[in-house]
Structures are given as structure tokens and as C-alpha cells.
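Colleague: Sharing a structure here in C-alpha cells format.
The values are calculated or read from the model by the stated rules, or taken from the named source; none is laboratory data. In this text the structure is predicted, and so the values were computed from the model without any measurement. Neighbour counts are summed over all protein chains in view; Cβ atoms, including those assigned to glycine, are modelled from backbone coordinates with ideal geometry. Protein only, heavy atoms only, side chains kept; ligands, DNA and RNA dropped before computing areas. Shrake-Rupley method; radii C 1.70, N 1.55, O 1.52, S 1.80 Å.
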Amino acid sequence: MDQLPILIIVFPLFTAFALTLLGWFRPAVCQPLTVVGLLGSSLSAIATLAQVVNSGPISYHLGGWAPPFGIEYRVDALNAMVLMMVSSVALLVAVYARKPVQKELGGKISNFYTLFILLVTGLLGITITGDAFNLYVLLEIAALTSYALIALGRGRAYMATFNYVILGTVGACFYLLGVGFLLIKTGTLNMVDIGSIVPSLSGSRAILVAFAFLMMGCWLKMALFPFHGWLPNAYTNAPTAVSCLVAPLMTKVSVYVMLRIMFTMYSVDWVFSVITWKPLVMALAVIAILMGSCFALAQRNIKRMLTYLIVAEIGYMVGGAWLGNASGYIGASYHILADGLMTVCLFMVVGSIVYKRGRAHIEDFKGAFSTMPWTMGAFILGALSMIGVPPTCGFFSKWYLLSGAYQSGDYAFGVALLLSSLINAVLFIRIVETAFFSATSDEEPDPHSHQETCYADSPPSMLLPLWASALALLAMGLYSSEIVTRWIQPVIPGGLL
Amino acid sequence: MAWVEVHYNYLLVIILLMTGLWAMIGKNNLIKKCIGMCIFQNAIIMFYISMGAKKGATIPILKHVPGAHGHGPESYISDPTIYANPLTQILMLTAIVVGVATLGMALTLVQKIYREYGTCEEDEILNCMSEEQDHELPLQDELKA
């Protein structure tokens, strides 16, 4: 049982090696093998979470080298929760990917799954590690594999990926510079160790510069508003299965890294008392929410619309983390889970529409309710959660964020949250209206040739993960008080009221 | 002036970082952007290496005590002041690998872009892309009509 934390990483990593070898001879086994690897990983993550909730944080010493000299995997309820979210979302996408990958990437199946599972390894590693430099390496593993995956989209995707490579590299390099400054001042790379030394250096300018670099790195990686330029193009042009995986996970894991930097490497006292960045960051978050929602309103391509909604959601989480009170922190960390699940749900729906109809512009949703009732049913749940309608989890994260904004008097943030919910409602009602009331399409397809391919719902291998994610949204909402009291309350950093 | 004498390595790193960043953001040619990225990454590698360097120190490989022949701990000089800091060098070994992989990825993409559009200049590529879009839209309208 004490090897559980490393198993989360070992399962996908070794599956990646096996896939490289096996995929050469038998491309057909790639997808089942990926699913098995991710199943192992997510079961270990769930067991780790149970262990952490019952008996407190786990510190795993890699190779038996004690921290701060060796690399430490440090799991508390916050990252156990994110680990569970990442591994289970990846598992759902791996099941879902079978048909779209066959259709879109026929000859490259084995390469796709190898990169896919390496990306998941990178993301899980970022979440689990307690070593600042190890985090950089894993950040780059995740980034490099996601560049390659997005470039599989061909054509326009090449230029979008190139911009992503440049900005992603700048982000990772800023992070590395920040770690360098901290290494000079503290002489250690272990996050908890850094956290114990930083308070004694609170007046140092180098520590402040390090924080600035670390934050810039994170913000570039998570596409906070002025740095979001690379995201919509990259995620829109990526193949279906890739955007389903990358869109919910990459940005959320970066938010987690930001929480780690703010509250483990630095402290509540330092972030909110020694420096006075809060008004600036809150302004960025508010602008991100408003601009993300407005740009989303202007899109005809629904996949592109969703990518702008991600930009808005990043504003929610950054704002919540910087509110500087317990409700804001709860809202931000709960929203990491909630947003991961609802983004994957909506991207899977759009993927199914693309799979069936070739594109996902708003007019492609015409008549979708009569031809694809199951897919659209899940879409309704995802949309309700995005808008923030009660039993779904989107409501509860907004509730905590709003009460946090009210407590600390950041009314602009609260207003931005409400406005963005309103805009989300308009966006999704527009789609539902088109899908429900408009006739299928103007040209009736020949009833004998294409009837089955055009008028059937998506295949079960796509519906199953879609509904699993949609029901998880409901379950997370119904059990939200348990999640908050048992998982998030124990990890709220001391000093947050 | 005394500050410059002590901290000239940081000045050099700042100049390199700014050169790289400017090339990445300001240049129109994609290959030049890649070169900028490479300069940027290498500036950080130099930053790390220079922070671990010491005056008069040698490479971090254990030295024999003069005259000693055994292999036990007593026959090596364990005084840390005579060795450069090995930690930063180890870290940068990994960072170099990451840098090579990123550069390889970027250059592959530039090659693909060149095959697609026949140019490496960003403004020309963007022109091509917007023309493509103009072509696409009327086509859809024709289909509907």
C-alpha cells in the first residue's frame, strides 16, 4: 500500500513503453492497452485519495532518498483530488477516442496513443511531485507531447501549434528562472522546504522577482487573459480526441501549480500582506471572465466557442485563488474538478457532432435532438453545469466563489461571475434552440444510402464515457458538501479566514 | 562599477534573455523565432551554471588527497569549497535535453508549415490563411443554394 503514489505514474509510463513496441506490430491493441493502463492509474489515484483522507498527507521518497536531497512525492487531499480527476478524465477520453481516432488519424493510431498516455503521465507527475525542478521537467513532458498531439490536426493546426510552442516555452522558461532565483536564495528545490525558508526572507527582492517569474510562467501556461492568444487556435484545430483530453486537463493542472506556488512555496501571509498584487490579479481575472465570455458569444464554431469559455473559467479559478479567503480557495479548488469534468463533457458532445456531421458550427446542431437524443441529453447536463444551475456541480463552485467575493468585498469579481453565467445561458440556449426547433437540414440525404450513418446516435463507445462524465457532474453536485468538508477543508492553508 | 564586476554574469544573461525574447516576439521569420527560442533557453542554462560556479573551484569530481592510494572516504578531498556546485550542472543536463526536444519540435513544425504554405514568413502565412477562409465561405453558400 505504501507504493500507491508511484503506481499512479508507473502505470501510464510503462504503458507508453509497451505501446511504442507493440503498436508497431499490432495497432489494434493500442486503445485497449491505453484503457487498461489508465484504469490502473485511476484506481491507484482513488486508493491514494482514500488513504490521504483517512490518515493524512503521504510523503513518498523516490528511490529511498530522503527530502530535501531526494525527489519527494507529496500527496495531500488537494493533489490527490486533482490526480483522481486527471486520471479518470483521461480514462474516459481513452474510451471515447476509439472511433474518432480511427476516423481522423487512421494510420497514426499507435503514435497517437503513445503520445496520449505520455501526456497523461506528465500531467499526473506535475500534480504529484513535491520538487520544484522535477515539476519543470514534467511540465515540459506534458507540453512537448501536447504540441505533437495538436499538430496531428494538420493544415491550420501547424501554425497554431507553432505559436503554442513559442509561448509554452516562454512560460516554462519563466517558471525555470523563478526556480533558479529561489534556488539561489534558499539552496533547496523541495517545495515544502522552500516554504519553510521563504518566511525568513520576506523582505528580499530576489524572492519577489522569483514569485513574479513563477506566476508569469503559470499564467502563460494556463492562458490567463492577456496571455490567452495561443489557446483558442490550438485547441480548435486539434483532432477531436486530442482537444477532449488537452482542453479539460492542461489549464486545470496549471491552476493547481499556481495554488501550490502561492500556498506551499510561498505563504498566505507573503502573498497577501508582503506584496500587494491582489487588486491587479483580481482585475486580470475579471477581464478574463468578461472577455472570454464576450469572445465566446461571437463564435459560430462551437468548439471555438468552448475554448473561449475555458479562458473565462480560468478567470474564475485565478480570481478565487486570489480572493484571499477560505471560500475563494474552496471555490477555486472545487472548480478545478468541476471544470475539468464539464469541459470534457461538452468537448465530447462537440466531438460526437463532428464525428457524425463533419463539423460543429451552430447550424450543424439543427435537428440534433431528434437524431442524437442521447448525445444531446448529456449536452444539456453539461450546459446546465456551465451555466451554474443547482443540482449540477457548476452551481456550487460559483456559490463558493460568489460568497468569497462578497466576504472580501470584491464586488467586481462577483458581478463578472454573474454576467458570465448569464452569457453562458444565452450561448447554450441558442444551441439548444437550434438543435430542438430547427429542421434537420435543408437537403434531405438519400434515404437508402446514408440513412444509418446520418440518423443514428453516436456509437456506444462514445456515449458511455459521455454519460459517465455527465452523471459525474450531477454526483459531484449532490455530494458537494462531502467533497468540501472531507477533501478541501483539511487542506485550506492556515491564515485564510 | 563594482557591482558590474561581481555580477557581470547576470548582465550577460539579461542581455541574452532579452535578445531571445525579442526575436521570438518581434521577428517575422519562423526560423528566426526558433533561433530566438534557442537563445532564450540557453540564457537560462548559463544563468544556472554561473550560479553554481566559484572562483578557483574545479569540476565536481572527487580529488585524491595527495599521496593517498586507497578508495575509502579518507583518501578523497571532501572539502566542498574546492568544487563547483554539481547540483546546477545536473539540473541543466536535463534542461538541455528538454531544450533540444523543443527545438526539434519547433523546427519540424516550421518544415510542415513551409510545405503547406511555401513560405516561412509569418505575415505571408497569415495572408494565405485568411484567403483560404474567404474561399471556404462562398463554397458553403453555393452548396446550400
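Colleague: Within 10 Å of each Cβ in peptide A:172-179, how many partner chain Cβ atoms are there on average? Round it to a whole number, please.
Modeller: Shielding by partners across A:172-179 averages 5.
Colleague: With a length cut of 27 Å (Cα positions projected on each helix's long axis) and a Kyte-Doolittle mean of at least 0.0, go through chain A and give me the DSSP H helices that pass.
Modeller: Span-like helices, by this rule, are A:4-25, A:30-55, A:77-96, A:109-128, A:132-151, A:156-186, A:240-260, A:278-297, A:302-322, A:326-357, A:411-437.
Colleague: Oh, and also: Give me the Kirkwood hydrodynamic radius of region A:304-365, using the inverse of the mean 1/r over all pairs of distinct Cα atoms, in Å to one decimal.
Modeller: For region A:304-365, inverting the mean 1/r across all distinct Cα pairs yields 13.0 Å.
Colleague: Additional query: What list of whole percents do you get for P(r) of the protein assembly as shown, with Cα-Cα distances grouped in 20 Å bins up to the one holding the largest distance?
Modeller: Going out from 0 Å in 20 Å bins, the protein assembly as shown shows 18, 53, 25, 4, 0 percent.
Colleague: List the residues whose amide H sits under 5 Å from the amide H of A:Ile71, counting only those 5 or more places along or on another chain, with H placed 1.01 Å from N in the peptide plane.
Modeller: The answer is A:Leu62.
Colleague: Taking a probe of 1.4 Å and counting only protein heavy atoms, give the total accessible area buried between chains A and B in Å², rounded to the nearest 100.
Modeller: 3100
Colleague: Of A:Pro57, A:Ala94, A:Phe69, which is farthest towards the positive pole of region A:53-110's charge dipole, taken about the Cα centre with +1 and -1 on the beta-carbons of Lys, Arg and Asp, Glu respectively?
Modeller: The residue sitting most towards the positive pole is A:Ala94.
Colleague: Specify the residue with the greatest mean-square fluctuation among B:Asn29, B:Asn127, B:Asn42, computed from a Gaussian network of chain B linking alpha-carbon atoms under 10 Å apart.
Modeller: B:Asn127
Colleague: Return the Cα extents of region A:345-426 along principal axes one, two and three, sorted largest first, each rounded to a whole Å.
Modeller: The Cα atoms of region A:345-426 stretch 48, 22, 16 Å along their principal axes.
Colleague: Continuing with this model, one more query. Considering Cα pairs under 8 angstrom that are at least six residues apart, work out the relative contact order of chain B and quote it in whole percent.
Modeller: 22
Colleague: Where does the charge balance sit around A:Arg154 when Lys and Arg score +1, Asp and Glu -1, over other residues with C-beta under 10 Å from its C-beta?
Modeller: 0
Colleague: I'd like the mean, over residues of B:97-106, of how many other protein chain beta carbons sit within 10 Å of each residue's own Cβ.
Modeller: 5
Colleague: Roughly speaking, what is the centre-to-centre gap between region A:188-249 and region B:23-98 when only Cα atoms are used, to the nearest Å?
Modeller: 25
Colleague: Where in chain B is the longest stretch that carries no trypsin sites (Lys or Arg not before Pro) classed as loop by DSSP and with at most 12 other Cβ atoms within 10 Å?
Modeller: Longest gap between qualifying sites, sites excluded: B:56-145.
Colleague: What ranking, highest mean first, results for peptides A:65-76, A:223-234, A:121-132 when packing means the other Cβ atoms within 10 Å averaged over each residue?
Modeller: Answer by packing, highest mean first, reads A:121-132, A:223-234, A:65-76.
Colleague: Can you classify region A:1-150 as rounded, prolate or oblate using the Cα gyration tensor, where a ≥ b ≥ c are the square roots of its eigenvalues, rounded means a/c under 1.5, and otherwise it's prolate if a/b beats b/c and oblate if not?
Modeller: Note, shape of region A:1-150 comes out prolate.
Colleague: Moving on. If each DSSP helix of 4+ residues adds -39,500 (n - 2.57) and the sum is divided by the residues in the protein assembly as shown, what number results at 222 nm, nearest 500 deg cm²/dmol?
Modeller: -24500 deg cm²/dmol
Colleague: Quickly rank A:101-114, A:198-211 as a protection proxy: mean count of other C-beta atoms within 10 Å, highest first.
Modeller: The densest-packed peptide leads the list: A:101-114, A:198-211.
Colleague: Next question. How much length would be gained if the chain were fully extended between B:Trp22 and B:Ile96, taking 0.36 nm per residue of separation minus their Cα-Cα distance, in nm to one decimal?
Modeller: Taking 0.36 nm per residue and subtracting the Cα distance, the gain is 24.5 nm.
Colleague: Please get the size of the charge dipole for the protein assembly as shown, origin at its Cα centre, with Cβ charges of +1 on Lys and Arg and -1 on Asp and Glu, quoted in debye to the nearest 20.
Modeller: 800
Colleague: With the full set of protein chains in place, find how many percent of the accessible area of chain A is carbon and sulfur; take the probe as 1.4 Å.
Modeller: In chain A, the share of accessible area belonging to carbon and sulfur is 68 percent.
Colleague: Also: Which of rounded, prolate, oblate describes region A:75-210, given a ≥ b ≥ c as roots of the alpha-carbon gyration tensor eigenvalues and a/c under 1.5 marking rounded, otherwise prolate only if a/b is larger than b/c?
Modeller: oblate
Colleague: Explain nothing, just the number: relative contact order of chain A, from Cα pairs under 8 Å at least 6 residues apart, as a whole percent.
Modeller: 15
Colleague: Moving on. With a ≥ b ≥ c the root eigenvalues of the C-alpha gyration tensor of region B:1-108, is it rounded (a/c under 1.5), prolate (a/b larger than b/c) or oblate?
Modeller: Oblate, since a/c reaches 1.5 and b/c is not below a/b.
Colleague: I'd like to know which of A:Ala338, A:Leu118, A:Leu464 lies farthest towards the positive end of the charge dipole of the protein assembly as shown, counting +1 on Cβ of Lys and Arg and -1 on Cβ of Asp and Glu.
Modeller: A:Leu118
Colleague: Using only alpha carbon pairs under 8 Å that are at least six residues apart, calculate the relative contact order of region A:348-421 and give it in whole percent.
Modeller: Contact order relative to length: 17 percent.
Colleague: Taking a 31 Å limit on the Cα-Cα distance, which of the listed pairs A:Lys103/A:Lys398; A:Lys252/A:Lys356; A:Lys366/B:Lys112 fall beyond it?
Modeller: A:Lys103/A:Lys398; A:Lys366/B:Lys112
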